[in-house]
Amino acid sequence: MSTAVKRGHSDNLTDVAPAAKKAREPETAEQRVLEIIKNSGNKGVSDEDLTRACPVLTIEERVDVVNKLITSNAITLHKVKDTLRYKYKGPTTSTPGDANTEELVVFNLIRDSGRKGIWIRDVRIKSNLGLPRLKKILKSLETKKAIKAVKSVAASRKIVYMLFDLEPDSSITGGAWYSNQEFESEFIEILTKHSYKFLEAKKSKALKNTTIRSPLVKYNTSYATADRVLEFISKTGISKVRLTVEDIISILDLLVYDGLAAKRVNSEGKIEYRSTKTLLNRIAVSFLPCGSCPVIKRCSDANQLNCLNCKHMKIWTTI
Amino acid sequence: MSSDYCRICTSILRDYFGQDVSEIAKPLQWGQKSLMTLSTMLDGKYPRHLIQETLIVLLQFNFVSAICNVHSVQIEYKLNMENILMILRYPKYLSIIKRKFGNQYKELVEALLCLGRASLSKIVSECIKLQNKTDDLYNNYWEKAIELIKNEYFKRTPTYVVWTEVKQNKMFAPPTKNQKDAVVRTFDDTIVGEVMSTILSQCADSNAPVSNPISLQLIRSNLSVGHNYLLEYITMIEEDPTKFLSKSYGTMCNITVNFKQIINCLNDSIMDQVVSYKFGESSARLFRATRSNKLLELERLQQTALIPDRETKTLTSELFMNNYLQVQELRKPNTRLGRNDGKSFYLYHLNERQLHQELTEEILKMIGNCMMWKFKTCEDNKRLLKNKARFDGMVQGLQDKQEADKDFFEEAMDNLFSPSERILLDSINRLLRKCQLNIMRLDVCLFLFHNYKRYNETIK
C-alpha cells in the first residue's frame with residue numbers, strides 16, 4: 001500500500017514539474033508556488049518538493065512566500081507522517097473581505113462542513129468561542145450573505161449553517177419529497193397515481209396492439225423501465241422539482257408495495273415494472289363484520305361478548 | 001385442538017346429525033375415550049344404546065375411529081375433527097366433480113357423501129333412488145362409479161362389511177380453479193388461463209411442492225384452444241415474477257408446476273388483503289414493504305414506504321400490537337465503562353407462521369359465528385320452518401303425481417301462511433343462504449392456509 005502511495009506521489013511530482021515550467025512565466029514567486037501547490041491536488045506539497053520544483057528561490061524567499069499564502073488563506077499546513085505539507089485550500093474569493101480573525105475561524109469551519117452544514121454546537125466546540133459571541137459572529141456573517149442557516153429534516157429545531165451559495169445536501173432537505181422541511185405526501189400520491197396510469201396505459205396499449213401477434217412480445221412490451229416513467233412524468237410537468245431516476249424508482253417500488261405493480265429484472269439487467277392486479281378477487285373475511293372486529297380474540301360463546309349479542313352481527317343478519 | 005375448532009365441530013355435527021349426536025361427541029373432543037367412560041360421563045343424559053348408535057353412525061362416516069389400545073382391553077374411540085371439518089368442503093367437491101366429469105358422476109359422489117361408506121352396489125342403487133331414476137341405468141352408473149375409483153376419487157376401506165368405500169380427500173382439485181383464475185388475472189388473457197388449466201389437468205395429484213414433469217407434447221395434444229404460441233405462453237408464465245411454472249431446458253422440454261409457489265403467492269395475497277381491509281392501504285404498504293425487505297428499521301421503513309414519519313410510527317405500532325409485525329431488538333454491546341449508550345436497533349419483521357396460525361383461529365371463529373347464527377335462526381323459527389317443510393313435502397308429493405298446477409300451490413300457500421310469515425320465511429332463507437355462502441368462502445381460506453402450512457413444514 002505504502003509503495004503505491006509513494007509511486008503515486010512521485011508520478012504526481014513529474015506532472016507538477018513540467019506544468020510549472022509550461023506555465024507562461026508566472027509574474028511573481030507567490031503565484032508560481034501557489035500554482036505548484038494547486039497542481040499537487042489533495043496530496044499537498046512538502047517543503048523539499050517545493051525546493052526541488054523551484055530551485056531559484058532562496059530559503060528566506062520561500063518562507064516569505066509561504067507565510068504570505070497562509071495568511072491570505074490560500075493554502076493550509078497539514079502534518080502528514082511527521083512532515084509538513086502545504087495544501088491548496090480552494091477558491092478564497094467567498095471569504096468576506098472585512099472579516100476579523102474570529103469570524104474567519106467560524107467561516108472556515110462552516111466552509112469545511114460543505115453541503116452537509118454544521119450544527120451551532122459543533123462550531124462552538126471546535127472554535128472554542130462563547131455562545132453569545134458566536135451568535136453575534138454568525139449573525140454578522142449572515143448579514144454579509146457569506147453563510148446561511150438551513151433547517152434540517154431530521155429534527156425540526158436543528159439548524160445547520162453552510163456557505164451562502166451552496167445547495168443543501170439531500171440528507172438535510174430530505175430529497176425531492178420534502179419542501180420547506182415538510183413531507184409532501186400529496187405530491188407523492190399524485191406521482192404514484194400518474195406512474196400507475198402510465199403503466200396501465202402501456203399495458204393496455206401492448207395488449208390491444210393487433211399488429212403484434214406473439215403473446216410473449218406483447219407481454220414483454222407491457223413492462224416499462226423507470227427511465228420511461230421519468231420521461232412521462234417530466235413531460236406532464238407535474239413536478240416543479242427536478243426528479244431523478246432514483247426518485248422514480250422509489251415511487252414505482254411504492255406501487256409494488258401497494259400490490260399494483262410487479263417488477264422484474266430483464267435480460268439487460270434493468271429493472272422493469274408492469275401493472276398487475278391482485279391474485280384474489282375479494283377476500284372472504286371482508287364479507288363478515290368479524291373480519292374487521294378489533295375484539296375478535298375475546299369473542300366466545302362463554303363470554304358476554306359473543307356473536308349473538310354482537311351489534312354488528314345483528315345488523316348483518318337482518319335482511 | 002383449539003376451542004374454536006371444537007366449537008365448529010359441535011356446530012357441524014349439530015347441523016347435520018342433530019343435537020344428540022353433537023352432545024355425545026363433545027366429550028370425545030378432549031381425547032379418546034372408551035364406551036364405558038363415555039357412558040359414565042353422559043350418565044343420566046343419554047341411554048347407553050343411543051351412545052352406541054351414535055358411535056356407529058360416526059364410525060360410518062369416519063368421523064370417529066376405533067383404536068385398540070395395547071394397555072387396556074377396551075376399545076377407545078377417537079374423534080377425527082379434521083374429517084368433520086371437511087363437511088364444509090363437500091359442496092365444493094360436488095361442483096368440481098360436476099365440472100370435471102359430469103352430472104352423473106356428481107350424483108354418485110353425492111350418494112356416497114350421504115352414506116358415509118357403503119359397498120359399490122349400495123352406492124349405485126342409492127344414487128338411483130335419490131335421483132328417482134329407473135333401474136335400467138344401473139349398469140351405466142356402475143361403470144361411472146368404477147371410473148371414479150380408477151381416478152382415485154373413491155377408495156376402498158378395509159374395515160367392516162364386504163367392500164366399503166369412502167371418498168378420498170382430494171386436495172388438489174380446488175386450487176385448480178383458484179390458480180387458473182389467478183393466472184387469468186395476472187396476464188389479462190384468457191388463453192393463458194386455458195393453457196394453465198390444461199397443464200394442471202395433467203398433473204398427478206400429489207402433495208409434493210413441485211409437480212411431476214409434463215412434456216410439451218402432452219400439453220399440446222390436450223389443449224382445447226389454438227396452440228400456435230404455446231411455448232411463448234409457457235415462457236410468459238415462467239418469466240412472470242409469480243413463477244407458477246418452471247421449464248427444463250434439455251432434449252425434452254418438460255414443464256413442472258410449482259405448487260408451493262402458487263400456494264405461497266395466494267397466501268401472501270390473502271394476508272395483504274386482510275391487512276389492507278383491517279388497517280387500511282398505508283398499513284398494507286408497510287406490511288408488504290416489511291415482507292419484501294425481511295428486516296427493516298423504522299427509519300428505513302419510512303423511507304421505503306414514503307409515509308410521513310409520525311404516521312409510520314402510528315401504523316407500525318398498530319400492526320405490532322395486533323401481532324402483524326414483530327420487532328427484534330439488536331442491542332449494542334456494553335462499553336468498557338459498563339455503560340450502555342442506550343442506542344439499540346429495532347428491526348421490524350414478520351412471523352408468517354404465527355400470523356397464519358392466528359388468522360386460522362380467527363377464520364374458524366368466523367365460521368363458528370356464522371353457524372351459530374344459522375342455528376339460532378332455525379331454532380327461533382322452528383315451528384314456522386317445520387310447517388314450511390311439511391308444506392313443501394306435500395307440494396313435492398302432489399307434483400310427482402302431477403295432480404295440481406302452479407296456481408293451486410300459490411293459493412294453498414296464501415291460505416296456510418300469513419303475508420308476514422311469508423316475508424319472514426323469505427328473509428330466513430336469504431339469511432341461511434348468506435351464512436352458508438360465507439362459510440364456504442371462509443373455508444377456501446382455511447384450505448389455502450392448511451396447504452401453506454403443509455408445504456412449509458415438509459421442506460424443513
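The values are calculated or read from the model by the stated rules, or taken from the named source; none is laboratory data. All of these numbers come straight from a predicted model, not from anything done at the bench. Methodologically, a virtual Cβ is constructed for each residue, glycine included, from the backbone with ideal geometry; neighbour enumeration extends over all protein chains shown.
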| message | If B:TYR455 satisfies all but one of (1) within 14 Å of another protein chain (Cβ to nearest Cβ); (2) among the aromatic types (Phe, Trp, Tyr); (3) within 30 Å of B:MET321 (Cα to Cα), what's the number of the condition it fails? | response | (1)
| Quick one: is B:LEU432 at pLDDT 85 or above and either under 24 Å from B:GLU379 (Cβ atoms) or hydroxyl-bearing (Ser, Thr, Tyr) (or both)? | yes
| When the range B:62-77 is examined, which residues are found to be at pLDDT 80 or above and surrounded by 15 or more Cβ atoms within 10 Å (Cβ to Cβ)? | B:PHE63, B:VAL64, B:SER65, B:GLU76, B:TYR77
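Going residue by residue through the range B:354-362, is there one that turns out to be at pLDDT 85 or above, more than 13 Å from chain A (Cβ to nearest Cβ) and within 24 Å of A:PHE287 (Cβ to Cβ)? Quick ask: steps written out before the conclusion?
Residues of the range B:354-362 that are at pLDDT 85 or above, as a first pass: B:354-362.
Checking the rest, the ones that are also more than 13 Å from chain A (Cβ to nearest Cβ) come to B:354-356.
With the extra rule that they be within 24 Å of A:PHE287 (Cβ to Cβ), the set shrinks to B:355-356.
Within the range B:354-362, one or more residues are at pLDDT 85 or above, more than 13 Å from chain A (Cβ to nearest Cβ) and within 24 Å of A:PHE287 (Cβ to Cβ).
Results for (1) at pLDDT 85 or above; (2) touching a strand residue (DSSP E or B) at 6+ places or on another chain (Cβ under 8 Å); (3) exposed (fewer than 13 other Cβ atoms within 10 Å of the Cβ), shown as yes or no for each residue.
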| site | (1), (2), (3) |
| --- | --- |
| B:GLN302 | no, no, no |
| B:PRO308 | no, yes, no |
| B:GLU311 | yes, no, no |
| B:LEU315 | yes, no, no |
| B:MET321 | yes, no, yes |
| B:GLN326 | yes, yes, no |
| B:ARG331 | no, yes, yes |
| B:ASN334 | no, no, yes |
| B:ASN340 | no, yes, yes |
| Unique match (being more than 18 Å from B:LYS278 (Cα to Cα), more than 8 Å from chain B (Cβ to nearest Cβ) and touching a strand residue (DSSP E or B) at 6+ places or on another chain (Cβ under 9 Å)) among A:LYS270, A:LYS263 | A:LYS270
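Report, by residue number, each residue of the range B:281-326 that is small (Gly, Ala, Ser), within 12 Å of another protein chain (Cβ to nearest Cβ) and without any contact (Cβ under 8 Å) to a residue 12 or more places away in the chain.
Listed by number, the list holds a single entry, B:SER292.
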| query | Given the conditions (1) in contact with a Gly (Cβ under 8 Å, 6 or more places away or on another chain); (2) farther than 30 Å from B:ARG7 by Cβ, and given that A:PHE232 satisfies all but one, which numbered condition is not satisfied? | reply | (1)
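Collect the residues in the range B:238-260 that are more than 9 Å from chain A (Cβ to nearest Cβ), touching a residue at least 40 places away in the same chain (Cβ under 8 Å) and either part of a loop (DSSP other than H, G, I, E, B) or within 23 Å of B:ASN456 (Cα to Cα) (or both), keeping them in residue-number order. Outline the logic, then answer.
Within the range B:238-260, the first condition is being more than 9 Å from chain A (Cβ to nearest Cβ), and the residues that meet it are B:238, B:243-260.
Restricting the remaining residues to those that are touching a residue at least 40 places away in the same chain (Cβ under 8 Å) gives B:244-245, B:254-260.
Residues satisfying the conditions are B:PHE244, B:LEU245, B:ILE255, B:THR256, B:VAL257, B:ASN258, B:PHE259, B:LYS260.
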| task | Could you give me the residue pairs with C-beta distances under 8 Å whose first residue belongs to the range A:227-253 and is within 14 Å of another protein chain (Cβ to nearest Cβ), whose second residue is exposed (fewer than 14 other Cβ atoms within 10 Å of the Cβ) and of a type in the set (S, T, N, Q) wherever it lies, and which are 6+ apart or on separate chains? | result | A:LEU243/A:SER234
| query | Within the group A:THR14, A:THR93, which residue is among the polar types (S, T, N, Q), modelled with pLDDT under 70 and either surrounded by 11 or more Cβ atoms within 10 Å (Cβ to Cβ) or assigned to a helix (DSSP H, G or I) (or both)? | reply | A:THR14
| message | Any residue that is over 26 Å from B:THR242 (Cα atoms) and not acidic (Asp, Glu) - is there at least one of those in the range A:243-257? | response | yes
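Hey, can you tell me all the residues within the range B:1-43 that are outside any helix (DSSP H, G or I), in contact (Cβ under 8 Å) with a residue 60 or more places away in the chain and more than 14 Å from chain A (Cβ to nearest Cβ)? Please lay out each step first, then the result.
Kept after step one, since they are outside any helix (DSSP H, G or I), are these residues of the range B:1-43: B:1-2, B:18, B:31-34, B:42-43.
Then drop every residue that is not in contact (Cβ under 8 Å) with a residue 60 or more places away in the chain, which leaves B:1-2.
Listed by number, the list holds a single entry, B:MET1.
Please work out which residue is surrounded by the fewest Cβ atoms within 10 Å (Cβ to Cβ), limiting yourself to the range A:227-240 and to residues that are of a type outside the set (Lys, Arg) and over 12 Å from A:LEU191 (Cα atoms). Explain how you work it out, then say what you get.
Step one: list which residues in the range A:227-240 are of a type outside the set (Lys, Arg), which gives A:227, A:229-234, A:236-239.
Narrowing the set further to residues that are over 12 Å from A:LEU191 (Cα atoms) leaves A:227, A:231.
Values: A:ASP227: 12, A:GLU231: 14.
So the residue we want is A:ASP227.
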| Does B:ASN381 fit the bill of being of a type outside the set (A, V, I, L, M), within 14 Å of another protein chain (Cβ to nearest Cβ) and free of Cβ contacts under 8 Å to residues at least 60 places away in the same chain? | yes
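Mind checking which residues of the range A:136-149 are surrounded by fewer than 19 Cβ atoms within 10 Å (Cβ to Cβ) and either assigned to a strand (DSSP E or B) or modelled with pLDDT under 80 (or both)? Walk me through it before giving the result.
Restricting attention to the range A:136-149, the residues satisfying the condition of being surrounded by fewer than 19 Cβ atoms within 10 Å (Cβ to Cβ) are A:136, A:139-140, A:142-145, A:148-149.
Passing the criteria: A:LYS148, A:ALA149.
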| query | Of the residues that sit in the range A:283-305 and are assigned to a loop (DSSP other than H, G, I, E, B) and at the interface with chain B (Cβ under 8 Å from one of its Cβ atoms), which one is surrounded by the most Cβ atoms within 10 Å (Cβ to Cβ)? | reply | A:LEU288
| remark: Scanning the range B:428-452 for residues that are surrounded by fewer than 15 Cβ atoms within 10 Å (Cβ to Cβ) and not aliphatic (A, V, I, L, M), the one nearest to the other protein chains (Cβ to nearest Cβ) turns out to be B:ARG430
| field | Count of residues meeting criterion [facing another protein chain (nearest Cβ under 8 Å) and buried (at least 20 other Cβ atoms within 10 Å of the Cβ)] in the range A:273-282 | value | 3
| message | It is to be established whether one or more residues within the range A:190-197 are under 30 Å from A:LYS148 (Cα atoms) and either assigned to a helix (DSSP H, G or I) or away from chain B (no Cβ under 14 Å) (or both). | response | no
| task | Out of the residues in the range B:1-35 that are in contact with a helix residue (DSSP H, G or I) (Cβ under 7 Å, 6 or more places away or on another chain) and of a type in the set (Gly, Ala, Ser), state the one that is nearest to B:PRO91 (Cα to Cα). | result | B:SER11
